[in-house]
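Participant: One structure is given below, represented as structure tokens, and several questions about it will come after.
The values are calculated or read from the model by the stated rules, or taken from the named source; none is laboratory data. Every value quoted in this text rests on a predicted model; they were computed, and no experiment measured them. Please note: Cβ atoms are built from the backbone with ideal geometry, for glycine as well, and neighbour counts cover all protein chains shown. Ligands, DNA and RNA are stripped out before the accessible areas are found, and what is left, the full protein with its side chains, is counted by its heavy atoms. Shrake-Rupley method; radii C 1.70, N 1.55, O 1.52, S 1.80 Å.
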Amino acid sequence: MALNPFFLQGSPGEQRLVQDLINEQLRMYGVDIYYMPREYLGTKTVIKENVLAKFEDNFIIEAYVQNYEGFQGSGDLMTKFGIRTTDELTLVISKERFEDFISPFSMDLLATRPKEGDLIYFPLSDSLFEIKFVEHENPFYQLGKLYMYQLTCELFEYEDEVIDTSIEEIDDNVQNIGYIATLTLAGIGQTAEASTTLVDGSVNQIILVNDGYGYTSPPAVSISTSPNGSSTANATAVAITTSNTGSGSTTFSVKEVQITNPGFGYTQPPTIVFSGAGGSGASARAGIGTKGVVKILNIYNPGAQYATPPVVSISTSPTGLSTANATAVAVVSAGGTIAQIRLTNAGFGYTLAPTITIAAPSAGGSGVGTGNFVINEVITGESSLSTARVKSWDKDTRILKISNLAGTFALGEIIVGSATTFSTPGIGTTARYAVKSIQYDDQYDTYAENIIIENEADGGILDFTETNPFGTF
Amino acid sequence: MIGQYFYHEILRKTVIGFGTLFNQIEIRHSDDNDNVQSRMKVPLAYGPMQKFLAKIEQQPQLKGRAAITLPRMSFEMTGISYDPSRKASITQTFKTCNTGELGNIKKVYMPVPYNINFQLSIATKLNDDMLQILEQILPYFQPGLNITINLVSSIGEKRDVPIILENINMTDDYEGSFDNRRAMISTLTFTAKSYLFGKIADNSDGLIKRVQIDMFDDTNKVTARRIQRYAATPRAIKDYNDDATTAINQDLAAEQTLLSVNSASGLSVDDYIVINSENMQIRSISGNDVTVYRGVDGTTVSDHVAGSIVNIISGTRTPDLPLTGDDNLIVAGDDFGFNELTSFYQDYKDYSPSQGTDV
């Protein structure tokens with residue numbers, strides 16, 4: 001049987017009237033919420049999951065809070081994973097208002113309706129909710145049409161989603177949560193300077209004959225005293241051991257011997273003896289330069305903000321022999337200054353005290369150590385090409401908290417900001433800083449105890465003479 | 001009897017030891033072009049905690065809270081049970097030197113084997129995260145993984161504690177109404193095979209610092225004559241008091257036995273001396289030239305440079321006198337040699353340990 005043709009069952013005029021009444025009610029009794037559509041950046045096939053998401057857009061829309069007596073859900077729960085808040089919210093929005101004011105701005109296929117997985121910012125509680133279900137048929141086809149959406153939302157579970165709207169109240173919701181790595185950046189660097197002098201009858205080179213084995217730390221290097229008799233005439237040197245690599249390796253071999261004082265007044269090559277540190281077998285022989293050997297007189301400017309040992313170059317010897325040219329390496333202190341310069345070859349045949357040049361710290365370049373970062377700005381390491389997003393920046397301590405890391409930042413490299421975020425495109429100058437230290441362990445997570453557990457274990461509980469199979473912490 | 005206070009923190013140490021295995025797990029997220037865009041370390045914590053602490057630490061602000069940040073891992077100790085299969089004889093004791101009180105030793109009976117059950121729970125937002133975490137953990141357990149725990153540090157007792165993966169349970173509530181939240185939790189259960197030690201007793205029996213044996217010509221002690229006595233005391237084979245008596249003033253090659261010192265006045269024939277880590281014994285002294293036996297007491301003969309310090313290893317050297325010098329400073333656990341004394345008798349006396357003399 002067909003419908004009675006003498007009744008309209010809802011004319012377009014009647015339907016419009018109902019929609020208008022609903023819109024008006026929502027605008028009178030509702031609250032303003034922000035609708036934030038999800039951008040899909042990475043989705044896994046087979047195991048269907050959206051692993052990378054970004055929320056950049058926001059649309060303000062009025063909504064009626066269905067659960068006017070309070071949030072639904074079970075409230076705050078103590079779980080084995082810490083506190084979980086299970087607040088739920090049911091919102092009613094107008095179908096027409098959504099289609100008029102949100103759909104036209106969205107490129108998405110499903111732009112015509114609110115989608116599950118999108119976010120709602122609820123200003124009253126300053127929190128983000130994720131839409132988990134959109135009910136579109138309640139009330140059920142009054143006058144033959146649907147007028148509203150009922151959004152069932154739950155509090156957002158944050159992982160590493162980028163929340164980069166233009167609104168600070170929204171963006172700061174995830175500023176201090178989730179995984180945060182810490183970069184400590186160097187200030188404006190300063191190049192170190194040193195002076196040299198010439199000495200005669202001095203140890204100019206120590207050549208390793210046997211690198212030995214079994215040293216638990218660098219062994220002491222003893223050099224025969226100089227016949228000159230003065231204590232400053234005695235040459236001194238330090239041993240550098242190989243780096244401790246390989247699973248289970250706790251001992252080293254000697255890699256090289258660096259001269260800290262070439263001494264003077266030697267008439268024949270002194271004997272070199274390695275002692276202590278548990279190892280054995282290392283032996284070396286020394287060469288002496290009778291005339292014009294380079295000695296580091298002093299470091300009159302220790303520089304500043306060195307993160308890695310800089311290249312040290314010394315002008316060449318007039319003898320023209322490559323082996324007569326002095327070479328040296330620098331030792332950087334914990335404070336970022338040059339603590340010592342050690343000669344790997346003290347050279348010979350110099351007639352004038354040579355010029356020693358210490359490379360500038362990476363923080364010493366033009367414009368490095370200046371500028372500011374803003375939240376959500378993408379930073380890039382200039383040599384490692386790693387990227388990350390800024391969580392927060394403290395200009396005074398130069399501590400930069402970052403998340404969404406791609407790659408591994410290198411010590412000493414320059415990181416540069418993009419100075420543009422979605423919310424603030426092209427602001428000011430781009431910040432450039434050298435990386436002084438990197439901490440990949442999250443120090444700000446209020447739940448994580450990784451660092452505490454590791455420190456307790458390292459304090460004598462665990463015996464890791466066989467290294468931790470899960471990697472060094 | 002029961003109720004003497006002691007606490008080795010063995011259970012706590014086992015909890016920490018177990019926890020450190022999992023504090024280095026990382027997960028990564030890639031975009032549609034398979035470029036890693038985000039990497040993060042998975043937070044780990046001991047699950048049980050005081051509720052008010054959890055609240056004020058994890059939610060200091062009441063506004064702007066997220067439901068939870070994921071992924072997270074938590075672990076907890078779920079039980080302790082006696083393991084009869086690893087039981088050892090109960091009367092045996094460990095003895096170790098008491099470094100705090102010279103001459104005393106520490107004594108503890110064999111430990112009791114206990115299995116400690118652990119549960120590691122992993123909650124993730126994505127199934128892909130869960131698979132990344134599990135794949136980083138599971139290959140190390142075959143099904144056991146040994147960690148060495150310093151169970152009782154005061155007696156230097158380190159034990160390998162196998163941690164055995166017993167069971168893996170994965171739950172993923174994705175079915176049903178859209179009103180329910182999807183929760184992905186994996187629970188791994190482990191057993192750590194640990195040991196519990198009792199109280200460590202201080203024992204004033206002391207370290208044996210002198211050995212004396214009397215030998216008789218018959219087993220009948222009434223008629224037997226005492227023939228011979230052998231006594232031995234420890235002799236230091238390294239320098240403890242750092243006396244730096246003198247120094248050599250010329251390089252000393254490995255094959256040389258004549259060394260020239262700054263001043264031989266503090267040295268005497270038969271003294272043991274040490275240069276760097278080589279021990280020598282003095283044969284003769286002529287002026288400041290000293291002839292030595294090289295590399296005594298099993299040390300390695302090596303080159304020494306001019307200016308190397310000469311230390312004397314001093315001591316009484318006769319077992320019938322009290323220990324002095326370096327001999328008296330020997331630290332528990334160090335190697336040492338022996339001073340020996342053999343005496344001959346033709347009497348009927350016997351040694352009385354209580355009176356300390358022959359009777």
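Participant: Please find, within region A:163-193, the residue that is nearest to the other protein chains (Cβ to nearest Cβ) out of those that are open to solvent by less than 10 Å² (accessible area, probe 1.4 Å) and in a strand (DSSP E or B).
Facilitator: Only one residue fits best here, namely A:A181.
Participant: Now a separate question. Does region B:227-258 hold any residues that are in contact with a Pro (Cβ under 8 Å, 6 or more places away or on another chain) and farther than 30 Å from B:D217 by Cβ, and which are they?
Facilitator: Matches in region B:227-258: B:D251 only.
Participant: What single numbered condition from (1) in contact with a strand residue (DSSP E or B) (Cβ under 8 Å, 6 or more places away or on another chain); (2) without any contact (Cβ under 8 Å) to a residue 40 or more places away in the chain; (3) open to solvent by less than 10 Å² (accessible area, probe 1.4 Å) fails to hold for A:N234?
Facilitator: So the condition that A:N234 fails would be (3).
Participant: Out of curiosity, is B:F6 among the aromatic types (F, W, Y), part of a strand (DSSP E or B), more than 7 Å from chain A (Cβ to nearest Cβ) and touching a residue at least 12 places away in the same chain (Cβ under 8 Å)?
Facilitator: No, not satisfied.
Participant: Exactly one of (1) open to solvent by 60 Å² or more (accessible area, probe 1.4 Å); (2) under 23 Å from B:V15 (Cβ atoms) is unmet by B:L145. Its number?
Facilitator: B:L145 satisfies every listed condition except (1).
Participant: If you don't mind, another one. Scan region A:300-316 residue by residue and report those that are crowded, with 19+ Cβ neighbours inside 10 Å and either over 23 Å from the mean Cα position of the chain (by Cα) or farther than 18 Å from A:E413 by Cβ (or both).
Facilitator: A:P302, A:G303, A:V312, A:I314
Participant: Kindly indicate which of A:A334, A:A330, A:A324, A:A339 is closer than 19 Å to A:T196 by Cβ, surrounded by fewer than 17 Cβ atoms within 10 Å (Cβ to Cβ) and among the small types (G, A, S).
Facilitator: Only one candidate qualifies: A:A339.
Participant: Next up: Hey, among the residues in region B:22-50 that are in a strand (DSSP E or B) and of a type in the set (A, V, I, L, M), which one's farthest from the other protein chains (Cβ to nearest Cβ)?
Facilitator: Top of the filtered list is B:I27.
Participant: The conditions are (1) over 30 Å from B:Q250 (Cα atoms); (2) out of contact with any Phe, Trp or Tyr (no Cβ under 6 Å at 6 or more places or on another chain); (3) within 14 Å of another protein chain (Cβ to nearest Cβ); (4) assigned to a loop (DSSP other than H, G, I, E, B), and A:E154 fails exactly one of them. Which is it?
Facilitator: Only one criterion in (1) over 30 Å from B:Q250 (Cα atoms); (2) out of contact with any Phe, Trp or Tyr (no Cβ under 6 Å at 6 or more places or on another chain); (3) within 14 Å of another protein chain (Cβ to nearest Cβ); (4) assigned to a loop (DSSP other than H, G, I, E, B) is unmet by A:E154, namely (4).
Participant: Looking at (1) within 14 Å of A:I170 (Cα to Cα); (2) surrounded by fewer than 19 Cβ atoms within 10 Å (Cβ to Cβ); (3) aromatic (F, W, Y), which one does A:Y141 not meet, given that it meets all the others?
Facilitator: Result: A:Y141 passes all but (1).
Participant: What number goes with the only condition from (1) of a type outside the set (S, T, N, Q); (2) open to solvent by less than 40 Å² (accessible area, probe 1.4 Å); (3) at pLDDT below 90 that B:V42 does not pass?
Facilitator: (3)
Participant: List pairs: first in region A:440-461 and more than 7 Å from every other protein chain (Cβ to nearest Cβ) and within 17 Å of B:M40 (Cβ to Cβ), second assigned to a loop (DSSP other than H, G, I, E, B) and at pLDDT 90 or above, Cβ under 8 Å, 6+ apart or cross-chain?
Facilitator: Here the result reads A:Q443/A:I180; A:Y444/A:I180, each pair linking region A:440-461 to a residue that is assigned to a loop (DSSP other than H, G, I, E, B) and at pLDDT 90 or above.
Participant: Looking only at residues that are hydrophobic (A, V, I, L, M, F, W, C) and either within 9 Å of chain B (Cβ to nearest Cβ) or farther than 16 Å from A:L26 by Cα (or both) in region A:60-88, which one is surrounded by the fewest Cβ atoms within 10 Å (Cβ to Cβ)?
Facilitator: A:L77
Participant: Sticking with this structure for a sec: Among the residues of region A:155-204, count how many are out of contact with any Pro (no Cβ under 8 Å at 6 or more places or on another chain) and under 30 Å from A:T236 (Cα atoms).
Facilitator: 7
Participant: Of all residues in region B:170-219, which are within 30 Å of A:E159 (Cα to Cα), open to solvent by less than 80 Å² (accessible area, probe 1.4 Å) and away from chain A (no Cβ under 14 Å)?
Facilitator: Once the filter is applied, which keeps residues that are within 30 Å of A:E159 (Cα to Cα), open to solvent by less than 80 Å² (accessible area, probe 1.4 Å) and away from chain A (no Cβ under 14 Å), region B:170-219 yields only B:F190.
Participant: Quick check on region A:96-106. Is at least one of its residues surrounded by 19 or more Cβ atoms within 10 Å (Cβ to Cβ), modelled with pLDDT of 90 or more and assigned to a strand (DSSP E or B)?
Facilitator: no
Participant: Okay, next question. Regarding region B:11-20, can at least one residue be identified that is of a type in the set (G, A, S), within 7 Å of chain A (Cβ to nearest Cβ) and either assigned to a loop (DSSP other than H, G, I, E, B) or surrounded by 13 or more Cβ atoms within 10 Å (Cβ to Cβ) (or both)?
Facilitator: Yes - at least one qualifying residue is present in region B:11-20.
Participant: Pick from A:T380, A:T351, A:T370: which is in contact with a Leu (Cβ under 9 Å, 6 or more places away or on another chain) and either surrounded by fewer than 21 Cβ atoms within 10 Å (Cβ to Cβ) or more than 24 Å from A:L208 (Cβ to Cβ) (or both)?
Facilitator: On inspection, the qualifying residue turns out to be A:T351.
Participant: For region A:211-228, what are the residues that are within 27 Å of B:Q250 (Cβ to Cβ) and not in a loop (DSSP other than H, G, I, E, B)?
Facilitator: A:G212, A:A220, A:V221, A:S222, A:I223 - these are the residues of region A:211-228 that are within 27 Å of B:Q250 (Cβ to Cβ) and not in a loop (DSSP other than H, G, I, E, B).
Participant: Could you please find all residues in region A:1-19 being open to solvent by 70 Å² or more (accessible area, probe 1.4 Å) and either closer than 19 Å to A:L91 by Cα or not in a loop (DSSP other than H, G, I, E, B) (or both)?
Facilitator: Answer for region A:1-19, where residues must be open to solvent by 70 Å² or more (accessible area, probe 1.4 Å) and either closer than 19 Å to A:L91 by Cα or not in a loop (DSSP other than H, G, I, E, B) (or both): A:P12, A:E14, A:R16, A:L17.
Participant: Given the criterion assigned to a loop (DSSP other than H, G, I, E, B) and under 30 Å from A:S231 (Cβ atoms), identify the matching residue among B:V301, B:V290, B:V274.
Facilitator: From the options B:V301, B:V290, B:V274, the qualifying one is B:V301.
Participant: Being among the acidic types (D, E) and either within 9 Å of another protein chain (Cβ to nearest Cβ) or touching a His at 6+ places or on another chain (Cβ under 6 Å) (or both) is true for just one of A:E96, A:E116, A:E137. Which residue is that?
Facilitator: One residue alone meets the criteria, A:E116.
Participant: Additional query: Among the listed residues B:L151, B:L138, B:L165, which satisfies the condition of being crowded, with 18+ Cβ neighbours inside 10 Å and either under 18 Å from B:T189 (Cβ atoms) or modelled with pLDDT of 90 or more (or both)?
Facilitator: It is B:L165.
Participant: One residue is enough: does region B:94-112 have a residue meeting the conditions crowded, with 18+ Cβ neighbours inside 10 Å, within 14 Å of another protein chain (Cβ to nearest Cβ) and either over 30 Å from B:I208 (Cβ atoms) or not β-branched (V, I, T) (or both)?
Facilitator: Looking through region B:94-112, none of the residues is crowded, with 18+ Cβ neighbours inside 10 Å, within 14 Å of another protein chain (Cβ to nearest Cβ) and either over 30 Å from B:I208 (Cβ atoms) or not β-branched (V, I, T) (or both).
Participant: Are any of the residues in region A:123-133 of a type in the set (G, A, S), within 18 Å of A:D20 (Cα to Cα), touching a residue at least 12 places away in the same chain (Cβ under 8 Å) and in contact with a strand residue (DSSP E or B) (Cβ under 9 Å, 6 or more places away or on another chain)?
Facilitator: no
Participant: Need the failing condition index for A:N345 against (1) touching a residue at least 12 places away in the same chain (Cβ under 8 Å); (2) within 43 Å of the chain's Cα centre (by Cα); (3) open to solvent by 40 Å² or more (accessible area, probe 1.4 Å), just the number.
Facilitator: Single failed check for A:N345: (3).
Participant: Going through region B:276-300 one residue at a time, which ones are within 30 Å of the chain's Cα centre (by Cα), on the phi < 0 side of the Ramachandran plot and buried (at least 16 other Cβ atoms within 10 Å of the Cβ)?
Facilitator: B:E278, B:N279, B:V296, B:T299
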